[in-house]
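Trainee: The following block contains the structure, expressed as structure tokens.
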């Protein structure tokens, strides 16, 4: 454990830092951890002798709690002849949810959170499956967290000053104890030591296996006499009252005591004689320990809060219905809380009315039409069910409810349920549950479609803009279905953010199973919590589905708790065509369904993304096997009116000064505030912001930029996925730092976070008022996604980009489709760091992802060699090798062509477990051609002909097909992603912020021309035959600009498509801000790909070019001449030129007729000679 000093001024732990400027620049020093939040400015020299305090371990930093196994309290019945169940539920006002939840840890629960119910065991009342499902969902809604909320309307009614009411009845039943000494200890000694509320802190006759949490005493039924736990006790106490029989079993007692002490308990053995006498050294010791304990200052306010009582009443009623204490349809309820004056009769009636309304709606949804329809209140103690909090008995079935306190988390009494969805879903009910669970008043665009389809077990792809409420949509669907929800998310910060946000709604039964788990023990515990269904939501990275142990635990959970929904968040990562593709997403659709399904039930799969190109969308549909026509949910608009945009063009060497000036001056002015007010912390009204940097280290990295801002008096922290080079601590320290930074930013303790894209995906914080991109993102989609972190509360926000295009001509060449990736990589590698600009800094990451066809094929050949012989079903082990990512990518390629069926990852053994597929030459070719045809039908047959011509020898054939596949990837995906960088750069150079908005919307949204683009993509012969028809629809430069957006976006997916390339040429020529170089690049790419990739005839090329020339010559004669000159320079084929002139007409063609005449003249001269 890393040792850090305690701050000499405030006692907080200190952080080791390095001075960046001034006379101590470069020297290390200790800085108080409270400095960033302006709480304390204590410092120490790094060499000073210090008093060490343990630094917080990574495993202890997640949401202020450790990961622990909740326990069932197994004890002798507290009251003779009755069952006792222990519960962990505290409902609080919304204003105190965060602070109370923070205090409620697994080892130190908040007083009032734990309580118990005792009742006489009833005769079984079998419930039909529909009722069980409805009650299971009611359980999830009422008991959604250990510290949670009531519905807002009920909270408003009950949020008043607490009244304790009258004291407990003297006739309240005492616990069943074993001896007169134990009875005397309970009745006489404990009240003197702990006061009148002693029964909260003391629990008799608990089994040792419950306390130790281990198997040593499991099933032995050995019990301790008394457990005393209290918030002020460092270690809970076990009290043993030793009669004379213990003299003969001192060895056995000593062994028990050692086990208990090793489990965190102090044991005090009190001779029975001391209890009888009321005095003695053991009792004196106990009095010394307990007499100094002070009850929590707000204990009374907590215990007797009407809001808490309402939560207890509703949870107790649900438990009573589950175990058969009452009929599920009709019963009356009374409580002594009304008699004692803690609740008014109107308040009690409101609690039951709210509960009944919940059950009636769920009953209607699940086909249990009479559920909860006849629940009524009755005054006095004469209800069919009487809830006794004060010990006053009723005439019906009695349930005694008492406060308790255990030094560990309690397992909620979860009940197995069979899978199944609602029989009826309507918008009114969904709106009701949205308000009840998430306190949102209205559904947003697209939310109801996602929720209703999920409830109907229909797969869905939700393509909605950032801030549209996609997460709440699937979370509400998960809450309204019996069972557990699996959420697959790509980055840890997103997982933690969603878990944190669920807790802000009182839903703390959510677990992230990530690499944050500290060691094997914590991972095993997380898997155990998964297997036993302890959480409602399990957030995992896609890599978990590649681990056989995780698959087994998930299948184990489905035996009792069905998976109700599988969610793929940020689903664009599924597609190899997207910038954020992860190999781990391969087969995620099929694997998640296989592991989550049970007999007769397959959960719906919901894929969520803020943006997705046509190819990404089709690819994720193919990968996730979601092909229903109506499965895609799209918005009415991607425009977020609350966001305004700004672009600042500046050379790289001036970026730092521009950023500081912008934050200090221009940005506050946008909001009409002086700088000192803009950066002032004000809770949820703080003007928070994100500054996105391209990398972690170096001059343009998060550490350097955050340091410069902090040095200039602008409080900023930094965040990245990987540990910075100069970070002072271990990997665990870095994880703890990241969690703490996330928490401080979320809670407005630090207003600005300088981050890489590791914090840019899906993070939800309402009061982010600005984003600044300290460079260009790799695509317009990425910019929209990251800028979309701002303004999520619907209020004004600003999204700025500081762009450096320092070497315009060089960058054009690097981004041009015709430039080979090898040349790009060589240039990026050879460019000195100080000569880089935004383009080359972005291309640095691009060339890391695309290492070259030769490199990838060499790895594929090596991996295939290790798998030999292939073609028949078998299992193999493949080591990670020098680069596990390249090895895995090779396996991915072999899966696509059907040689490998599946693989899992063994990280401890550093190897892949591979399942080979039955494969033939025909099946491999068919799989590959099918892959190509899904994206570019026009290339499919040409690729088949090339594959059919490969060598007959099996190994050479397999590697040859994969080489074709990789070449296709580089032709299409690599060039497409470079084109995306070029489009982002062009959008930033469009002019004003509003111009940038229009470029973004033209790019993202469906326009009147989108269908035309689809027709060209799906048409025969690359869609060239309908090009003239599409161009005829362009009647103004604005039309050209609106068509340019969807064409540019489609070209990122299909960069070699001749029809799109020629259409891009035309739209650039017809737009007001058209660029000659862009026209040339796209037309040259058209000519090359029409011949080489698509095999089009010269006559087709000439005719299509003529159709374009006829349109653009009338409006931009210079662009028309440029196109003609390029064609003539690239071909002397008379067929192409003749068809161009025939299609365009002599008036439009300025060059080709003269070339043809020149050839005719030369022919005549030759003939004459």
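Trainee: Please tell me if residue 749 is assigned by TED's automatic domain parsing to the domain that holds residue 685, part of a loop (DSSP other than H, G, I, E, B), touching a helix residue (DSSP H, G or I) at 6+ places or on another chain (Cβ under 9 Å) and under 25 Å from residue 608 (Cα atoms).
Mentor: no
Trainee: State which residue is nearest to residue 290 (Cα to Cα) when the search covers only the stretch 256-269 and only residues that are surrounded by 12 or more Cβ atoms within 10 Å (Cβ to Cβ) and out of contact with any helix residue (DSSP H, G or I) (no Cβ under 9 Å at 6 or more places or on another chain).
Mentor: So, considering only residues that are surrounded by 12 or more Cβ atoms within 10 Å (Cβ to Cβ) and out of contact with any helix residue (DSSP H, G or I) (no Cβ under 9 Å at 6 or more places or on another chain), the one nearest to residue 290 (Cα to Cα) is 261.
Trainee: Sticking with this one: Return a yes/no flag: does the stretch 665-686 have any residue that is crowded, with 17+ Cβ neighbours inside 10 Å, touching a residue at least 60 places away in the same chain (Cβ under 8 Å), outside the structural domain of residue 610 (by TED's automatic domain parsing) and under 21 Å from residue 996 (Cβ atoms). Spell out how you get there, then give the answer.
Mentor: In the first step, residues of the stretch 665-686 are kept if they are crowded, with 17+ Cβ neighbours inside 10 Å; the result is 667-668, 670, 678-679, 686.
Of the ones still in play, those that are also touching a residue at least 60 places away in the same chain (Cβ under 8 Å) are 667, 670, 679, 686.
Of the ones still in play, those that are also outside the structural domain of residue 610 (by TED's automatic domain parsing) are 667, 670, 679, 686.
Of the ones still in play, those that are also under 21 Å from residue 996 (Cβ atoms) are 667, 670.
Yes, the conditions are met somewhere in the stretch 665-686.
Table: residues versus (1) more than 21 Å from residue 139 (Cα to Cα); (2) touching a helix residue (DSSP H, G or I) at 6+ places or on another chain (Cβ under 7 Å); (3) modelled with pLDDT under 85.
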{"position": "88", "(1), (2), (3)": "no, no, no"}
{"position": "107", "(1), (2), (3)": "yes, no, yes"}
{"position": "118", "(1), (2), (3)": "no, no, no"}
{"position": "122", "(1), (2), (3)": "no, yes, no"}
{"position": "125", "(1), (2), (3)": "no, no, no"}
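Trainee: Given the options 604, 646, 631, 584, name the one that is at pLDDT 90 or above, within 23 Å of residue 565 (Cα to Cα), touching a strand residue (DSSP E or B) at 6+ places or on another chain (Cβ under 9 Å) and buried (at least 17 other Cβ atoms within 10 Å of the Cβ). Before the answer, list the steps.
Mentor: On the way: 646 fails: within 23 Å of residue 565 (Cα to Cα); 631 fails: at pLDDT 90 or above; 584 fails: at pLDDT 90 or above.
When all the criteria are applied, what remains is 604.
Trainee: (1) touching a residue at least 40 places away in the same chain (Cβ under 8 Å); (2) in contact with a helix residue (DSSP H, G or I) (Cβ under 9 Å, 6 or more places away or on another chain); (3) more than 20 Å from residue 149 (Cα to Cα): which one isn't true of residue 445, the others all being true?
Mentor: So the condition that residue 445 fails would be (2).
Trainee: Please enumerate the residues belonging to the stretch 394-434 that are surrounded by fewer than 16 Cβ atoms within 10 Å (Cβ to Cβ) and either under 25 Å from the mean Cα position of the chain (by Cα) or not in a loop (DSSP other than H, G, I, E, B) (or both).
Mentor: Selection gives 427, 428, 432.
So that you can scan it fast, the table gives a plain yes or no per residue for (1) under 36 Å from the mean Cα position of the chain (by Cα); (2) more than 19 Å from residue 1143 (Cβ to Cβ); (3) surrounded by fewer than 19 Cβ atoms within 10 Å (Cβ to Cβ):
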{"site": "983", "(1), (2), (3)": "yes, yes, no"}
{"site": "994", "(1), (2), (3)": "yes, yes, yes"}
{"site": "1004", "(1), (2), (3)": "yes, yes, no"}
{"site": "1016", "(1), (2), (3)": "no, no, no"}
{"site": "1023", "(1), (2), (3)": "no, no, no"}
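Trainee: If you don't mind, there's one more thing I want to ask. Please count how many residues of the stretch 1066-1111 are closer than 22 Å to residue 815 by Cβ and assigned to a loop (DSSP other than H, G, I, E, B).
Mentor: 5
Residue-by-condition table, conditions (1) more than 20 Å from the chain's Cα centre (by Cα); (2) not in a strand (DSSP E or B):
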{"site": "530", "(1), (2)": "no, yes"}
{"site": "553", "(1), (2)": "yes, yes"}
{"site": "560", "(1), (2)": "yes, yes"}
{"site": "605", "(1), (2)": "no, no"}
{"site": "623", "(1), (2)": "no, yes"}
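Trainee: Any residue in the stretch 338-354 that is without any contact (Cβ under 8 Å) to a residue 12 or more places away in the chain sitting within a Cβ distance under 9 Å of a residue that is not in a helix (DSSP H, G or I)? List the pairs, counting only those 6 or more apart or interchain.
Mentor: Listed by first residue and then by second, the contacts come to 353/375; 353/377.
Quick grid of which residues meet (1) outside the structural domain of residue 129 (by TED's automatic domain parsing); (2) more than 30 Å from residue 473 (Cβ to Cβ); (3) in contact with a strand residue (DSSP E or B) (Cβ under 8 Å, 6 or more places away or on another chain):
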| position | (1), (2), (3) |
| --- | --- |
| 337 | no, yes, yes |
| 363 | no, no, no |
| 379 | no, yes, yes |
| 434 | yes, no, no |
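Trainee: Whether any residue in the stretch 286-300 is part of a helix (DSSP H, G or I) and surrounded by fewer than 14 Cβ atoms within 10 Å (Cβ to Cβ) is what I want to check. Spell out the reasoning first.
Mentor: Pass one, the stretch 286-300, residues part of a helix (DSSP H, G or I): 286-291, 299-300.
This time we only want the ones that are surrounded by fewer than 14 Cβ atoms within 10 Å (Cβ to Cβ), so: 288, 291.
Yes.
Trainee: May I pose another question? For the stretch 308-335, enumerate the residues that are crowded, with 20+ Cβ neighbours inside 10 Å and either outside the structural domain of residue 149 (by TED's automatic domain parsing) or outside any helix (DSSP H, G or I) (or both).
Mentor: 325, 326, 328, 331, 333, 334, 335, listed by residue number.
Trainee: Could I ask something else about it? Mind listing whichever residues of the stretch 969-1014 are touching a helix residue (DSSP H, G or I) at 6+ places or on another chain (Cβ under 6 Å), assigned to a helix (DSSP H, G or I) and free of Cβ contacts under 8 Å to residues at least 40 places away in the same chain?
Mentor: Passing the criteria: 1010, 1012.
Trainee: Can you confirm whether residue 467 is farther than 28 Å from residue 354 by Cα and surrounded by fewer than 21 Cβ atoms within 10 Å (Cβ to Cβ)?
Mentor: Values: farther than 28 Å from residue 354 by Cα: yes; surrounded by fewer than 21 Cβ atoms within 10 Å (Cβ to Cβ): no.
Taking the combined requirement at face value, the residue does not satisfy it.
Trainee: Is it the case, given these coordinates, that residue 757 is in the same structural domain as residue 653 (by TED's automatic domain parsing) and within 17 Å of the chain's Cα centre (by Cα)?
Mentor: On the way: in the same structural domain as residue 653 (by TED's automatic domain parsing): yes; within 17 Å of the chain's Cα centre (by Cα): yes.
Answer is yes for this residue.
Trainee: Examine the stretch 150-160 for a residue that is modelled with pLDDT of 90 or more, touching a strand residue (DSSP E or B) at 6+ places or on another chain (Cβ under 9 Å) and part of a loop (DSSP other than H, G, I, E, B), and state whether such a residue exists.
Mentor: Yes - at least one qualifying residue is present in the stretch 150-160.
Trainee: Only residues that are modelled with pLDDT under 90, assigned to a helix (DSSP H, G or I) and either touching a strand residue (DSSP E or B) at 6+ places or on another chain (Cβ under 8 Å) or loosely packed, with under 15 Cβ neighbours inside 10 Å (or both): list them for the stretch 931-952, please.
Mentor: Within the stretch 931-952, 937, 941 qualify.
Trainee: Restricting to the stretch 627-661, count the residues that are in a loop (DSSP other than H, G, I, E, B) and free of Cβ contacts under 8 Å to residues at least 60 places away in the same chain.
Mentor: Total satisfying the criteria: 4.
Trainee: Just to be sure I understand, how many residues within the stretch 740-771 are surrounded by fewer than 19 Cβ atoms within 10 Å (Cβ to Cβ) and out of contact with any strand residue (DSSP E or B) (no Cβ under 8 Å at 6 or more places or on another chain)?
Mentor: Counting residues in the stretch 740-771 that are surrounded by fewer than 19 Cβ atoms within 10 Å (Cβ to Cβ) and out of contact with any strand residue (DSSP E or B) (no Cβ under 8 Å at 6 or more places or on another chain) gives 3.
Trainee: Which residue, of 486, 495, 507, is crowded, with 23+ Cβ neighbours inside 10 Å and out of contact with any helix residue (DSSP H, G or I) (no Cβ under 9 Å at 6 or more places or on another chain)?
Mentor: So the residue among 486, 495, 507 that is crowded, with 23+ Cβ neighbours inside 10 Å and out of contact with any helix residue (DSSP H, G or I) (no Cβ under 9 Å at 6 or more places or on another chain) is 495.
Trainee: Filter the stretch 778-790 down to the residues that are touching a helix residue (DSSP H, G or I) at 6+ places or on another chain (Cβ under 8 Å), crowded, with 24+ Cβ neighbours inside 10 Å and farther than 20 Å from residue 663 by Cα and list them by number.
Mentor: Within the stretch 778-790, 779, 780, 781, 782 meet the criteria.
The values are calculated or read from the model by the stated rules, or taken from the named source; none is laboratory data. Every value quoted in this text rests on a predicted model; they were computed, and no experiment measured them. All Cβ positions, glycine included, derive from the backbone under ideal geometry; neighbour counts span all protein chains shown.
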